[in-house]
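J.: What follows is a single structure, and I will ask about it in a moment.
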């Protein structure tokens, strides 16, 4: 068995001059444009908080990478997330709020005032048609 680690990578940015380097790592043989397909799948799960993802660490989440874009496009939740992602601060705010579980801690993480984060979370909730500020 070949244990060589293969990777896919992408450079992305947000804001003027901002750039991040994201990496998906995997061991495999099948390739997609010369990059192992599972490394490309791992790359889809990278982000500012986790810029390097190993496919083996995804567990059951790896199954989501196998859902075709055509199949997911018509899902109302996926459509809501796509609308939310159109806002540059949306994904970062939702991630910070989800990780910290608190408006104030999310605000600290984002270097914002908590009332600004509260407004963002309220807008994201409206976009996704879910109540994000009440515990479930």
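The values are calculated or read from the model by the stated rules, or taken from the named source; none is laboratory data. Just so you know, these numbers come straight off a predicted model, no measurement behind them. Counting neighbours? That spans all protein chains shown, and the Cβs are built from the backbone with ideal geometry, glycine included.
J.: With under 30 Å from residue 38 (Cα atoms), surrounded by 12 or more Cβ atoms within 10 Å (Cβ to Cβ) and in contact with a helix residue (DSSP H, G or I) (Cβ under 7 Å, 6 or more places away or on another chain) as the only criterion, which of 103, 94, 132 stands out?
T.: 94
J.: Next question. Starting from region 55-71, keep only residues that are farther than 12 Å from residue 45 by Cα, then list their pairs with residues that are exposed (fewer than 10 other Cβ atoms within 10 Å of the Cβ) and at pLDDT below 85 whose Cβ atoms are within a distance under 6 Å, requiring at least 6 positions of separation or different chains.
T.: Partner pairs satisfying both residue conditions: none exist.
J.: Out of 79, 60, 39, I need the residue that is at pLDDT 80 or above, surrounded by 12 or more Cβ atoms within 10 Å (Cβ to Cβ) and part of a helix (DSSP H, G or I). Which one? Quick ask: steps written out before the conclusion?
T.: Working: 60 fails: surrounded by 12 or more Cβ atoms within 10 Å (Cβ to Cβ); 39 fails: at pLDDT 80 or above.
Of the residues listed, the single one that is at pLDDT 80 or above, surrounded by 12 or more Cβ atoms within 10 Å (Cβ to Cβ) and part of a helix (DSSP H, G or I) is 79.
J.: Wholly within region 86-132, which helices (runs of 4 or more DSSP H) include no fewer than the required count, namely at least 3 residues that are at negative phi and more than 19 Å from the chain's Cα centre (by Cα)?
T.: 103-110, 114-128
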